[in-house]
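First comes the structure, then the notes that go with it.
The values are calculated or read from the model by the stated rules, or taken from the named source; none is laboratory data. If you're wondering where the values come from, they're calculated on a predicted model, not measured in any experiment. Ideal geometry is used to build each Cβ from the backbone, glycine not excepted, and the neighbour counts take in all protein chains shown. Protein only, heavy atoms only, side chains kept; ligands, DNA and RNA dropped before computing areas. Shrake-Rupley method; radii C 1.70, N 1.55, O 1.52, S 1.80 Å.
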Amino acid sequence: MKSSHVIYQLSQHQRWRVGVKAVRSLGKLIILLISITTFMFFALRMAGDPIIVLAGENASVELIEEIKKQYGFDRPLIVQYILYISNIFRLDFGESLSTGQPALSYVLSQLPATLLLAALGMAVTLAISIPAGAWLGMKPDAWGRRVMAGAVFFMQGLPGFVTALLLIQVFVVQLMWFPSLGYSQVKAWILPSISLASFLAPKLIRMISANVSEAMREEYIRTARSVGAPGWSLLWREAVPNAILGAVALIGTQFAFLFAGAVIIEVLFLWPGIGLLLFRSAQVLDFPVLQATAFIIAILVFSVNAMTNMAFEFLDPRMRRAAP
Amino acid sequence: MSDKNSSSARYFKRWTESDISVELITGVILFSILIALILFRGYFQTHDPYVGDLMERFSPMGQNGHLLGTDNLGRDLWSRLLEGMMWSISAASMATLIAFVMGAFVGLLAAQYGGWIRTILNQVVDMALAFPNLIIAIIVVAVIGRGFWPLTLTLGLVSWPIFARVIYAESLSLLERDYVIASHTFGAGTWSILSGHILPGLRPTLSVMLAFHFADMLVAESALSFLGLGAPLGVPTWGNLLQQSRDFLFVAPWLMAVPAAGIIYAVFTANLIGDGFSALARRRGRRIDI
């Protein structure tokens, strides 16, 4: 039953396919970015006077004149739209209304913190979900595991930010075990990543345990067991890897979600990432920064999704062999 | 002892032998309680949710006749919870409905008509699925302003593609079933096939999706309100209640615990119903993956 691991090499045809796919997804990314900016263009028009939104409430007359010229507000809507899009594709998002920095570099400077939080959240999620899912899926009908499965189901209903609030209430306010703010201390990383994981893990646990219990009923496992293979090796070497493979799509979705969904967690823990920046800019309606943030997050989410698709194809031998 | 053939015994037998799961029944009962509380909130509210008595500010739970305590202005939290519940639940339902109608329209259109319509619609859905929904919603609401319609429309407009995708895929396979082809041969029109065969065939999937989507929208609504970008300031929606509680974490922890419990209750209920429906479909031999 031992599978030999051959280092896999792409044939020329497959390399060609990968190239085509890369070009195609790049095209998709560009269309996605255009549609997001278009969406925001119209949201800006719906808000009333876009000049006030773009320049801020108490802008100087010169600034207003400059913005009028930059976006061509005196010209027809279609010209305004083209100017708007072309500004963005020169990566010119304008300057932040609150700090005066170029919006894009301002957003990029906050990116590392968000990436760190996403990596932490995902690491904790996986560290909880894989063993828990394997344990629950091994004997899903055992009494104790049923109770645990019920608890996991309940956890699934807890929104991440509510969990975060409860954690803050208990561990920061009442017990004072953790500092709640910032990310300079490693100790302060714990609660944000647990909050994120508490939201993501239940779904993943349920999926992995369903996959594991399904795999343990497969015939090849039964056969292997009947010829005397030990149960734990079947679980960890056959069933669990299969179960994780089946959950790759979900893991990818969750990873993409981390970038977008971490906004509230960042706000609650004052984590200086993109999410906190987005929140602060939304409060003062710092439109250039908002736009640059949406742009960056769209690119992040899109690349995670693309990578998930590729990982999916590469990890599943059936999909590899399907290619001629 | 009751006669075995009495109508109530038969009814009970039907209940216990049907496929309906405990989850579904529990979920529906819990949800009915929620709806009853909303509809008859006037009877359950013990105080005016908007008027407080400063002498009774920060009363803990159960004191001075306040079931769940009072806030910083002495307003009764139980009455405010019920008041906000209506707002939160109706915003989430409305957003779900908008997303469903848009998704169903696009999905059915793409499934029914082939050719360039399908190609274009599929590309649009593909694109829309890649939207970072919450981010766009935050920005749009920030720009347009708070309020019921801005919030629900935005949430609906950013979350419909998942409906379109699932409805498209499912109805594509339904359209190739023998009974649909047969009714087409007998001259049934497009509309009658869609409404008579496709939509009923989609029901198991849709009931699961709607329940889960409702839970998602509820969380999104309270999250946006919590960020100060959803409901109008004065309305005590659950998100707003949580938002206000942040300033009094030390003095009045119940201000946070109560709306949090409300959100958890509602989301849990919706998840129960969704899971119940999907168990129901599974027992009838269909697997629903969402």
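For chain A, what is the charge dipole size about the Cα centre, in debye to the nearest 20, if Lys and Arg each add +1 at the Cβ and Asp and Glu each add -1 at the Cβ?
The calculated dipole for chain A is roughly 1540 debye.
Inter-chain neighbour count for A:202-213: the average number of beta-carbon atoms from partner chains within 10 Å of each residue's beta-carbon is 0. The alpha-carbon positions of region A:199-324 define a convex hull whose volume is 119 Å³ per residue. Every Cα-Cα pair of region B:215-278 was included, and the share exceeding 14 Å stands at 58 percent.
With the dipole of chain B worked out from charges on the C-beta (+1 for Lys and Arg, -1 for Asp and Glu) around the Cα centre, which of B:GLN244, B:PRO200, B:ASN133 lies farthest toward the positive end? Among B:GLN244, B:PRO200, B:ASN133, the one farthest towards the positive end of the dipole of chain B is B:PRO200.
The C-alpha atoms of chain A define a longest principal axis, and helix A:143-156 lies at about 10 degrees to it.
Solvent-accessible area assigned to carbon and sulfur over region B:84-290 amounts to 67 percent, based on a 1.4 Å probe. Positive-end ranking of B:ALA215, B:LEU172, B:VAL267 along the dipole of region B:84-290, with charges on Cβ about the Cα centre, is headed by B:LEU172.
Name the shape class, rounded, prolate or oblate, that the alpha-carbon gyration tensor gives for region A:64-107, where a ≥ b ≥ c are the square roots of its eigenvalues, rounded holds for a/c under 1.5, and otherwise prolate holds if a/b is larger than b/c and oblate otherwise. Note, shape of region A:64-107 comes out oblate.
Translational diffusion of the protein assembly as shown was estimated from the Stokes-Einstein equation, with Rh taken as the Kirkwood radius over Cα pairs; at 10 °C and 1.306 mPa s the coefficient is 59 µm²/s.
Legend: mean number of C-beta atoms from other chains within 10 angstrom of residue C-beta atoms, peptide A:226-233, equals 0.
For region B:38-53 and region B:180-198, what is the separation of their C-alpha centers, rounded to whole Å? The two parts, judged by their Cα centres, are 51 Å apart.
With the whole protein complex present, A:GLU219 retains an accessible surface near 130 Å², based on a 1.4 Å probe.
Considering only protein heavy atoms, with the full assembly of protein chains and a 1.4 angstrom probe, order A:VAL23, B:VAL166 by accessible area, largest first.
From most accessible down to least: A:VAL23, B:VAL166.
Panel values: region B:153-217, Kirkwood radius from alpha carbon pairs, Stokes-Einstein at 37 °C and 0.692 mPa s, translational diffusion coefficient 252 µm²/s. Charge dipole (Cα centre; +1 on Lys/Arg Cβ, -1 on Asp/Glu Cβ; no other charges) of region B:84-290 amounts to roughly 320 debye. Considering region A:105-322 at the alpha-carbon level, its Rg and Dmax are found to be 20.0, 68 Å. For the pair region A:110-177 / region B:163-178, the C-alpha centres are spaced 35 Å from each other.
Taking Cα atoms only, the orientation of helix B:254-283 departs from the longest principal axis of chain B by about 20 degrees.
Any chance you could run the full-extension gain for A:VAL284 through A:SER184? It's 0.36 nm times the residue separation minus the Cα-Cα distance, nm to one decimal.
The span from A:VAL284 to A:SER184 would gain 33.4 nm if fully extended.
Each residue of region A:126-165 gets 69 Å³ once the volume of the Cα convex hull is shared out per residue. Dividing the convex hull volume of the alpha carbon atoms of chain B by its residue count gives 178 Å³ per residue. For the pair region A:240-296 / region B:223-290, the C-alpha centres are spaced 20 Å from each other. The distance between label points at B:PHE58 and A:TRP143 comes to 4.8 nm (points 7 Å beyond Cα on the Cα→Cβ vector).
Averaging 1/r over each pair of different alpha-carbon atoms in region B:168-257 and inverting the result gives 16.7 Å, the Kirkwood hydrodynamic radius. When +1 charges are put on Lys and Arg Cβ atoms and -1 charges on Asp and Glu Cβ atoms, the dipole computed for the protein assembly as shown relative to its Cα centre reaches about 2200 debye.
Remark: chain A carries 52 Å² of accessible area per residue (probe radius 1.4 Å; ligands, DNA and RNA excluded). Computed from the C-beta positions of B:SER32 and A:LEU108, the FRET efficiency with R₀ = 51 Å rounds to 0.50. Each residue was assigned an accessible area with a 1.4 Å probe, and for B:PHE248 the value is about 40 Å². If R0 equals 60 Å, the separation of the Cβ atoms of B:ILE20 and A:ARG24 corresponds to a calculated FRET efficiency of about 0.85. Take the Kirkwood radius over Cα pairs of region A:233-284, plug it into Stokes-Einstein at 25 °C and 0.890 mPa s, and you get 187 µm²/s for translational diffusion.
Ranked by solvent-accessible area (1.4 Å probe, protein heavy atoms only, all chains present), the residues B:ARG41, B:ARG57 order from largest to smallest as B:ARG57, B:ARG41.
The heavy atoms of B:ILE35 offer some 60 square angstrom of accessible surface to a 1.4 angstrom probe.
The listed residues B:HIS184, A:HIS13, once ranked by accessible area (1.4 Å probe) with the largest placed first, stand as B:HIS184, A:HIS13.
Would you mind checking the tilt of helix A:103-138 against the longest principal axis of the Cα atoms of chain A, expressed as 0 to 90 degrees and rounded to 10? That helix lies at roughly 20 degrees to the long axis. Using +1 at the C-beta of Lys and Arg and -1 at the C-beta of Asp and Glu, which of A:LEU250, A:TYR84, A:LEU136 has the Cα lying farthest in the positive direction of the dipole of chain A? My answer, from the dipole projection, is A:LEU136.
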